[in-house]
Amino acid sequence: MGRKKTPAQADMARIKTKLQERSKMSEKPDGDPAIRALRKHLKRAQRKQRAQVLRKAHASGKKAEAKPAAAAS
């Protein structure tokens with residue numbers, strides 16, 4: 001069977017910590033291809049999450065905008 005997918009938040013946190021650890025250990029983090037790949041992976045995950053949030057906001061339409069305003073009153 002396939003592996004269970006980890007939640008996006010947990011995956012991004014794991015990548016961030018890995019990136020920070022490797023950047024500290026490396027002498028030149030800018031030229032290291034492994035660090036560059038991790039950074040690209042992190043940016044891809046962040047883009048994916050931002051797109052998902054936007055999709056949910058657009059899918060909810062005007063209802064989502066009206067709810068917080070009513071709750072604030």
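The values are calculated or read from the model by the stated rules, or taken from the named source; none is laboratory data. Keep in mind that what you see is a predicted model, and the values were worked out from it rather than measured. Cβ atoms come from the backbone with ideal geometry, glycine included; neighbour counts cover every protein chain shown.
Contact map, the range 5-26: residues that are hydroxyl-bearing (Ser, Thr, Tyr) paired with residues that are part of a helix (DSSP H, G or I), Cβ distance under 7 Å, separation 6+ or inter-chain. Pairs shown: SER23/ILE35; SER26/ILE35.
Among the residues making up the range 39-62, those that are of a type in the set (Gly, Ala, Ser) and either under 25 Å from LYS24 (Cβ atoms) or surrounded by 11 or more Cβ atoms within 10 Å (Cβ to Cβ) (or both) are ALA45, ALA57, SER60. Per the listing GLU65, GLU21, the residue uniquely surrounded by 10 or more Cβ atoms within 10 Å (Cβ to Cβ), modelled with pLDDT of 80 or more and not basic (Lys, Arg) is GLU21. Would you mind stating whether LYS43 is of a type outside the set (Val, Ile, Thr), under 13 Å from the mean Cα position of the chain (by Cα) and modelled with pLDDT of 90 or more? The answer is yes for LYS43.
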